[in-house]
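Working notes, beginning with the structure itself.
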Amino acid sequence: MEVILAEHAGFCFGVKRAVDTVYEQIENRKKDGGPIYTFGPIIHNEEVVRDLQERGVEVLSSLEEAEALPAAERGTVIIRSHGVEKRVYEKLQELGFEVVDATCPFVKRIHTTVERESAAGKSIIIVGNAGHPEVEGIRGWSGASTYIIESVKEAEKFVRRDGEELCIVSQTTFNYKKFQDVVEIFNQKGYNGSVVNTVCNATEVRQAEARELAARVDVMIVIGGNHSSNTRKLYEICRQECRMTYYIQTLDDLHLQLPKSVRLVGITAGASTPNNIIEEVQNYVRINF
Ligand code: F3S
């Protein structure tokens, strides 16, 4: 039997980079000492966060928490891939933390654009979900009026002030089609300004690849957290193509009884599934079937 692992299973580039940064900092600390924190959980995966905690990495949930720490405990703080507002960097530095920036470069690019365009006098439109940490972070780099637009309906209601020039960006994980629809409405309204497409295609690539793989294999295994909406979506996509699709969180959930006729097994994983879990499942299937 052959096992095929999807090339883009699990962490996207930005999340992998951020998680690797934390482990690198742990290695560095072995030389230098000093506490390490992440600003918010580095990733929405309890096992990873627990593993880091066991290695002495704590999560700081807010600036207030950072401020409450005695000066001697203010070590290194790592910014996760979502990024943060500009004032968060400044405040952490002012408090004496060493800030290690693991913001995904694609998100960083939005910060730079928003900072530059707002300084040039444009108002900023962020197409994305209000309250999402990435969107809040982006907003925090704008020095001018900033609006968050979540839907076509909101775009239709939006009225520009006289002479107001706009710069439109999007949350990286926003649906590209919806982003285009919103931009189209602004065009119809005749609002001038710049549009920077900052949708990241990591999710789309993972989904397209999963669909293609599921259509080829006899059995498909999708690995990811129970509450992970992107894993559920992957499962649904695969299930449409392959009737024998299994959704598991870890190897413990895998109780496969495969018919003899099964020749090809495909594996993919959601965005917050760590590599070691994917490898465990892959090795298990390879060895046992
Ligand atoms: Fe991931 Fe960065 Fe894209 S965090 S989803 S690669 S914007």
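Brief remarks on what is shown
- VAL222 being of a type outside the set (Gly, Ala, Ser) and within 26 Å of the chain's Cα centre (by Cα): yes
- Test for GLU115: is it charged (D, E, K, R), closer than 21 Å to CYS200 by Cβ and crowded, with 19+ Cβ neighbours inside 10 Å: no
- Counting only helices (runs of 4 or more DSSP H) that sit completely within the range 90-173, those holding 3 or more residues that are in contact with a strand residue (DSSP E or B) (Cβ under 8 Å, 6 or more places away or on another chain) correspond to 105-119, 133-139.
- Just so you know, in the range 249-276 the residues that are β-branched (Val, Ile, Thr), at pLDDT below 95 and touching a helix residue (DSSP H, G or I) at 6+ places or on another chain (Cβ under 9 Å) include one that is surrounded by the most Cβ atoms within 10 Å (Cβ to Cβ), and it is THR273.
- Residue count for the range 101-128 satisfying the condition of being in contact (Cβ under 8 Å) with a residue 40 or more places away in the chain and more than 16 Å from the ligand (Cβ to nearest atom): 7.
- With respect to the conditions (1) within 21 Å of ASN45 (Cα to Cα); (2) within 16 Å of the ligand (Cβ to nearest atom); (3) not hydroxyl-bearing (Ser, Thr, Tyr); (4) not in a loop (DSSP other than H, G, I, E, B), GLU209 falls short on a single one, namely (1).
- For the range 218-231, the set of residues classified as more than 16 Å from GLU204 (Cβ to Cβ) and either in contact with an Asp or Glu (Cβ under 7 Å, 6 or more places away or on another chain) or not in a strand (DSSP E or B) (or both) consists of ASP218, GLY224, GLY225, ASN226, HIS227, SER228, listed by residue number.
- Verdict on GLY131 being surrounded by fewer than 18 Cβ atoms within 10 Å (Cβ to Cβ), among the small types (Gly, Ala, Ser), within 20 Å of the chain's Cα centre (by Cα) and under 27 Å from ALA18 (Cβ atoms): yes
The values are calculated or read from the model by the stated rules, or taken from the named source; none is laboratory data. Since the structure is predicted, the reported quantities are computational estimates derived from the model, not experimental observations. FYI the Cβ positions are ideal-geometry reconstructions off the backbone, even for glycines, and counts take in every protein chain you see.
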